Amino acid sequence: MGLIIANVKKRPTRTIVSILAVSLGVVMILLFVGLTQGMLKDSAYRTQNIKADLLFQPPGSSLLLALNNATMPIRIKDKLLEVDGIRHVSPMLHQFSKQSFSLIFGIDPQSFNQVSGDGIIVMEGRLFQAPFECIVDDVYQQSHHTKLGDTLNILNHTFTIVGFFKSGIAARILVPLETLQDLNDSKEKASIFYIKCDSDSRIEPVYQHLLHVDPFKGYNVTRASDIYKVMASNLPGLKEFTAAIIVSAVLISFLVILLTMYTTITERTREIGILKSLGASKGYIVNLILKESMLLTVVGVGVGLVLTFLATRVLHMLYPSLPFEIRLEWIIYVAFIALASGIFGSTYPAYRAARQDPVEALMYE
């Protein structure tokens with residue numbers, strides 16, 4: 001082990017670059033996966049906290065509400081209320097604000113409270129009463145340092161903040177449904193209907209009815225209990241983009257380790273010749289090279305985990321509403337990927353070193 005550490009210390013700049021390259025791959029994967037999983041979980045959590053039993057959406061729409069621009073006539077609410085087993089229906093319109101980089105819900109407070117039960121818990125101020133008033137949750141309040149009476153620009157119109165509500169339900173910004181309909185050119189339309197059934201035993205019959213019976217057949221219907229699973233499976237391009245990030249990280253680690261170990265073998269040709277002339281076997285040489293690359297990779301993984309932790313802390317301080325979820329299984333998975341890329345990256349240099357002729361190696365200048 002002493003020989004391996006000495007070899008690593010001999011070229012500190014190259015060693016540091018190799019470690020940072022491996023750590024970069026770790027940070028890339030963990031930050032991306034942590035952000036996407038965190039956003040999915042946060043969106044599912046806030047949607048489930050509305051406490052609806054079923055979600056009813058237009059055909060082809062997405063459960064990721066920021067991606068859903070489809071609307072449907074609000075009169076469908078009356079048709080839904082005629083279905084046996086449905087007690088309450090709350091229409092909502094969604095709009096993503098580029099100015100505040102937040103999802104906005106246009107809601108009808110009366111029907112929203114009927115579906116939710118607990119309703120919106122206003123912690124300071126009051127619920128909106130005028131068309132161009134809005135309320136924001138406490139996370140938005142803290143991250144944007146807002147106070148009562150401040151204004152927001154939504155679709156090029158000024159809204160006054162009149163209340164702060166407890167986070168963890170619906171969106172971070174709530175406005176009157178009719179106002180958002182007018183501004184969004186969606187008069188008498190909604191993005192989604194939240195449905196509350198008479199009892200838990202009626203959820204499945206109502207779900208099957210909405211899926212297979214006209215005039216509801218063809219619409220998207222989702223059980224509240226399935227929200228996270230459906231979001232994760234239906235997010236456009238998530239699997240492909242995740243795979244691209246992982247492949248990129250693996251290639252970076254592989255190529256850097258390959259280049260590092262190849263250069264190392266070239267520089268140590270005479271040393272390897274001396275070892276072989278002293279009786280070192282091919283297996284010993286290969287083992288020496290592989291252990292050195294593994295040391296670089298393990299240290300790189302450790303540095304990557306530290307950098308990931310620091311990056312999430314900094315991002316959370318800058319953007320408190322940005323959710324991250326980095327789970328243990330992904331840490332293990334990323335560590336395994338990095339170690340595998342380190343082993344494969346050093347395989348050829350190790351094989352080349354083991355095949356060197358000791359006489360030729362000793363004559364190498």
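The values are calculated or read from the model by the stated rules, or taken from the named source; none is laboratory data. Keep in mind it's a predicted model, so treat the numbers as computed, not measured. As a convention, Cβ positions derive from the backbone with ideal geometry for all residues, glycine included, and neighbour counts pool all protein chains shown.
If you go through the stretch 52-85 and pick out every residue that is part of a loop (DSSP other than H, G, I, E, B) and at pLDDT 90 or above, you end up with 8. With respect to Arg223, is the statement that it is closer than 30 Å to Val33 by Cβ, buried (at least 21 other Cβ atoms within 10 Å of the Cβ) and in contact with a strand residue (DSSP E or B) (Cβ under 8 Å, 6 or more places away or on another chain) true? No: the conditions fail for Arg223. Sort through Ser102, Ser90 and tell me the only one that's modelled with pLDDT of 90 or more, touching a Phe, Trp or Tyr at 6+ places or on another chain (Cβ under 8 Å) and of a type in the set (Ser, Thr, Tyr). Of the residues listed, the single one that is modelled with pLDDT of 90 or more, touching a Phe, Trp or Tyr at 6+ places or on another chain (Cβ under 8 Å) and of a type in the set (Ser, Thr, Tyr) is Ser90.
Number of residues in the stretch 117-137 that are at positive phi and exposed (fewer than 14 other Cβ atoms within 10 Å of the Cβ) equals 1.
None of Glu365, Glu325 is of a type outside the set (S, T, N, Q), outside any helix (DSSP H, G or I), at pLDDT 80 or above and surrounded by fewer than 18 Cβ atoms within 10 Å (Cβ to Cβ) except Glu325.
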